[in-house]
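Peer 1: Dumping the structure here so I can ask a few things about it.
The values are calculated or read from the model by the stated rules, or taken from the named source; none is laboratory data. Predicted model only: the values in this text are computed from it and were never measured. In this analysis, Cβ positions are derived from the backbone assuming ideal geometry, glycine residues included, and neighbour counts consider all displayed protein chains.
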Amino acid sequence: MSIEDPPLPRDNPRPVTPDRDPDLIVPLVDPLATLAEQLGSVVDHIRQDINVDLGLRPYRVFSVVTKWAGGKIGYGTPDQISREELLPRPRVIFETKLDSLKDIILSSGKQDTGLVTVDRVSQRYTEEDIQALFPMQPLPEGLQAHIEIGVDQRDGETRKRRFVLATPPWRDAKNFQWRLIVRDQAQSFTRTGRPQVLHTPEEIAANDPTERGNNWWQQ
């Protein structure tokens, strides 16, 4: 037996096999016309009315893209170029409770570690929407994306945590949602979510002979 002489399928006594069943090959119902699709808006409003309006969803989740003035991540000052909130507010599940995010003391400050589930994300977002909100592929140089999670105004100004995707998002059609698994972003940030360690292009150039005298950050 070889690649040129592959094994033949065994005889199937059934007159129509699944791969030849026309009712299975071509769906009889347009996916946009299915009950699950039509209920998407209803489910969103129920979640808003029951969970958000009653105050049962304290965490707000944002998709944020930052542009670094120096043209590279960590170079110059970071400026937000987009910030979009997920609506209705999704459910945020820390490993077991908030304390399960272990605080690690680093030389540059404190950092959270752990995985967080973000679900009940509206199924009305398309796959392209989700990929734009939560990019896993590298962005153009100088751009940095993260997921910001923080408690709403009930506690005043609260700490904002920054995360990135740990696994690709997946559509859970049975439960009318997208599900995300996120992990902490490997960088130290202040309480408001800004990077704790900032270096101006001039400071970096002064300590890097290869950059000295080159006004690359102004290009």
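Peer 1: Would you say R159 is in a strand (DSSP E or B) and at pLDDT 80 or above?
Peer 2: Answer is no for this residue.
Peer 1: Only one residue in L115, L106 is modelled with pLDDT under 70, of a type outside the set (F, W, Y), farther than 27 Å from L54 by Cβ and surrounded by fewer than 17 Cβ atoms within 10 Å (Cβ to Cβ). Which one?
Peer 2: Every option except L106 fails the conditions.
Peer 1: Something else now. So which of P78, P90 ends up being more than 21 Å from I181 (Cβ to Cβ) and at pLDDT 85 or above?
Peer 2: Going through P78, P90 in turn, just one is more than 21 Å from I181 (Cβ to Cβ) and at pLDDT 85 or above: P78.
Peer 1: From the list V121, V164, which one is assigned to a strand (DSSP E or B) and modelled with pLDDT of 95 or more?
Peer 2: Among V121, V164, only V121 is assigned to a strand (DSSP E or B) and modelled with pLDDT of 95 or more.
Peer 1: Here's something else I'd like to know. Output the residue which, of all residues in the stretch 167-186 that are more than 26 Å from H45 (Cβ to Cβ) and surrounded by fewer than 18 Cβ atoms within 10 Å (Cβ to Cβ), is modelled with the lowest pLDDT.
Peer 2: A186
Peer 1: Within the stretch 154-173, count every residue that is among the basic types (K, R) and either without any contact (Cβ under 8 Å) to a residue 12 or more places away in the chain or in contact with a His (Cβ under 6 Å, 6 or more places away or on another chain) (or both).
Peer 2: Selection size over the stretch 154-173: 1.
Peer 1: While we're here: Return yes when G70 is farther than 21 Å from L133 by Cβ, surrounded by 11 or more Cβ atoms within 10 Å (Cβ to Cβ) and at pLDDT 80 or above and no when it is not.
Peer 2: Judged against the criteria, G70 is a match.
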